[in-house]
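Some notes on the structure that comes next.
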Amino acid sequence: MTGVVQGVGFRPFVHVLATSLGLTGHVGNDAAGVFAEVEGPADVVAEFVRRLRTDAPRGALVESVTAESMPPTGAAGFAIVASTDAGAQAVTLIPPDTAVCPDCLHELADPADRRYRYPFTACTYCGPRFTIVTGLPYDRPFTTMAGFPLCRECAREYADPADRRFHAQPTACPGCGPRLAFRPAGAPTTTSTGDAALADALRVLAAGGVVAVKGVGGYHLACDARQADGVARLRERKRRSAKPFAVMVRDLDRAHEVAHLDDGAVAALVSAQAPIVLAPARDTADARALGASVAPGNGHLGLLLPYSPLHHLLFAPHPDLPAVRLDTLVMTSGNLSDEPLCTDPAEADARLAGIADAWLHHDRPIHVACDDSVVRVVGGALQPVRRSRGYAPMPVPLPLEAPALLAVGGELKTTVCLAHGRRAWLSQHIGDTENLETLALLARTVDTLAALSRIDPQAVAADLHPGYLSRRWAAERAAAMGVPLVLVQHHHAHVAALLAEHGLPPDQPVLGVAFDGTGYGPDGTIWGGELLLGSYAEVSRVGHLVPVALPGGDAAIRRPARVALAHLRGAGLDWRPDLPPVAAADEVERGVVARMLDTGVGCTPTTSMGRLFDAVSSLVGVCQDATYEGQAAIELEALAEAAHDGPRGWALGVDVAATGALRLDPGPVLRAAVAAVLAGEQAGRVGWAFHSAVADGVGVAADLVRERTGVTTVGLTGGVFQNGVLTRACRDTLEQRGFAVLVHRVVPPNDGGLALGQVAVAAAGGGTEGS
């Protein structure tokens, strides 16, 4: 049996199934998955094989069952035998980390149970998996639990096929397993352990302090989200002035109190993956206060439920602290902005000094750093924003055969991908590879994923951008291995990732609408508002946003007011002093920008749709300076979603350039927006009209491409399509025009999906050879 069949109770399931059917034989793990020999009447053996698929345990994913006849041995009974490394060329699938199950939670809350209040309780069906595995096959010696020998009672459970903890690799108890340790800032060492350490951490949280809490895949920085002063201190220390914080709430009732949750959001929150769910905030005093503190300017709250026993204990009444009842905690990544997640106590002590008031450590090593996943519901279905804990390292099926490949993504929201045959192993979220620390994490992640997938890459794929550190690393890696470097254009990779997750065959052309902030084009300019026609092997640029000069390059990305000035100039509109971006720039800045635009010095041509959203956000007075990626567009979307109406009839111009490519001209919609702002129209209504105009422009362009080519499938991809208002509007207008519309459901539309697209392009023979 192959698939996700290790670490999910599959061997105990096989043992119980065979025994119940009166069969004899044995079952075990090997590097390929699970093997079994069974002996009995032919019809009963056939029933056994059938039920391997139909009755598989929760968490298992049976990809294949291969059966062959063997001579009978006359064995008595049925046994679970030791794991082997036979069949090393085949690969089993390591399951993701999963949220604590109801049975373990019951034990956690039962004073009569020996695991009462034990923060590391786990079983065959729940707990850490990917973050603790160090090798194959998935057995305790090849996990970070190898350093915790089982006590007599745990060993009995581990060896009992009828027990829920039979061969549960993360299992332990207070007598033999990991322990908590508390250290306050300023203390040279820990001052308490076990439940006393938890009590000390709760005291700090209740007093408004910040505690670095070691979790499943790394550290969180936690504070009481109800205490705005504490959240403000965390923002100042973490250097994160406005970017939203994730919030862990005690239970689903508390989540409903602060956010509107549809069935899809609820299902995601309570799932085994337990991601952060972006949900619209309620318009109540409680929710408004929470939103102003943890997600200023954002109409959504990023909520998650406790997913480990330790998390549940943070919200449960402590015997020593009956008055402390927390129900809403900030749970943000344990790092400084743009740095990798902390996973080791010594590392956390050093790197989080000056941010945390105290540390709640534990001694179960984390082998693989794994940040929380993030999803949102768009159009009634889940859209990944960050695919990490709970989902990684589950492979994505490929619609074409791939040689052994490694892809390293882009620069932001990086993931890596290893592929061979019809499987692509996509890593957890690594982060932004703009610094050497994150690049080192990328290298470690590649090594870990290669060991688990047993792939020896015969080519390395990277982004076309010559300035990306990830491309330089890929070139060095390819040279060291003596294999080719394949360079894949950024937006082609976006489109290919979308097609791959939908399983489209290589011979089916699609119109890919790839909208994002930045992507290096083959012409040396910055693309980002692209219409690409084709498939995996190649695409042609059949349309794009009209280019505008970006004054100051990356500096303009952090200053939407500058982008707005450039777009106003590009549309032939005056810099009137009563327009917000003009007022936001003093005379000196306006003079500098004007000279840059007049001479072209220091300007980079761009077709970026993301920058157009920044410009409109600035134009309506929402955001003039961005402190995090996408801030201006996110805040504009929030106001547009709240308004849900606005002026009608605005248009994104669509015409044909001399080259024959379609041009999406923002001039008409910018002129309409300026007139509306000067007339005193509300920012949200202007934002809604702008979103609608972009969607209508996409529909008109798609119609023109269909007239030329007959293509009737359109894919929406790129980071701009994290915007739920735009995604819904584009999907609706395209479907009304008779198109089949593809949107992301497996990998994010942002750069977190690039590595999958690079693999698909390279597998189809696309891209260009680099050095």
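The values are calculated or read from the model by the stated rules, or taken from the named source; none is laboratory data. A quick note: this is a predicted structure, and the numbers were derived from the prediction, not measured. For neighbour counting, all protein chains shown are included, and Cβ atoms are generated from backbone atoms with ideal geometry for every residue, glycine included. When the accessible area is computed, the model is the full protein with side chains, heavy atoms only, and any ligands, DNA or RNA have been set aside. Shrake-Rupley method; radii C 1.70, N 1.55, O 1.52, S 1.80 Å.
Quick notes
- Near pairs, Cβ below 9 angstrom, 6+ apart or cross-chain, from segment 351-363 (closer than 14 Å to L234 by Cα) to any residue that is among the hydroxyl-bearing types (S, T, Y): L352/Y219; A356/Y219
- Of the criteria (1) more than 17 Å from M609 (Cβ to Cβ); (2) part of a helix (DSSP H, G or I); (3) not acidic (D, E), which one V741 fails: (2)
- Complete set of residues in segment 25-83 that are of a type in the set (D, E, K, R), part of a strand (DSSP E or B) and modelled with pLDDT under 85: D30, E63
Conditions tested, residue by residue: (1) modelled with pLDDT under 95; (2) part of a strand (DSSP E or B); (3) open to solvent by 10 Å² or more (accessible area, probe 1.4 Å).
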| residue | (1), (2), (3) |
| --- | --- |
| A369 | no, no, yes |
| G409 | no, no, no |
| L418 | no, yes, no |
| G421 | no, yes, yes |
| W425 | no, yes, yes |
| H429 | no, no, yes |
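- Residue list for segment 259-279, filter: open to solvent by 50 Å² or more (accessible area, probe 1.4 Å), within 21 Å of L639 (Cβ to Cβ) and in contact (Cβ under 8 Å) with a residue 40 or more places away in the chain: L278
Residues checked against (1) free of Cβ contacts under 8 Å to residues at least 24 places away in the same chain; (2) on the phi < 0 side of the Ramachandran plot; (3) part of a strand (DSSP E or B):
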residue	(1), (2), (3)
H491	no, yes, no
V495	no, yes, no
A500	no, yes, no
V513	no, yes, yes
D516	no, yes, yes
D523	yes, yes, no
P581	no, yes, no
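Table: residues versus (1) farther than 30 Å from L398 by Cβ; (2) more than 25 Å from the chain's Cα centre (by Cα).
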{"site": "G521", "(1), (2)": "no, yes"}
{"site": "E530", "(1), (2)": "no, no"}
{"site": "L533", "(1), (2)": "no, yes"}
{"site": "D578", "(1), (2)": "yes, yes"}
{"site": "A584", "(1), (2)": "yes, yes"}
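- Total residues in segment 226-263, condition among the hydrophobic types (A, V, I, L, M, F, W, C), more than 17 Å from A358 (Cα to Cα) and in contact with a Ser or Thr (Cβ under 7 Å, 6 or more places away or on another chain): 6
- For A615: the one exception among (1) under 22 Å from H491 (Cα atoms); (2) open to solvent by 20 Å² or more (accessible area, probe 1.4 Å); (3) without any contact (Cβ under 8 Å) to a residue 60 or more places away in the chain: (2)
- Members of segment 103-121 that are open to solvent by 20 Å² or more (accessible area, probe 1.4 Å), out of contact with any Lys or Arg (no Cβ under 9 Å at 6 or more places or on another chain) and charged (D, E, K, R): D110, D113, R114, R117
- Matching residues, segment 689-721, being at negative phi, open to solvent by less than 20 Å² (accessible area, probe 1.4 Å) and not in a helix (DSSP H, G or I): V711, T713, V714, G715, L716, T717
- Residues that are aliphatic (A, V, I, L, M) and open to solvent by 20 Å² or more (accessible area, probe 1.4 Å) were ranked within segment 1-31; the one that is nearest to Y138 (Cα to Cα) is M1.
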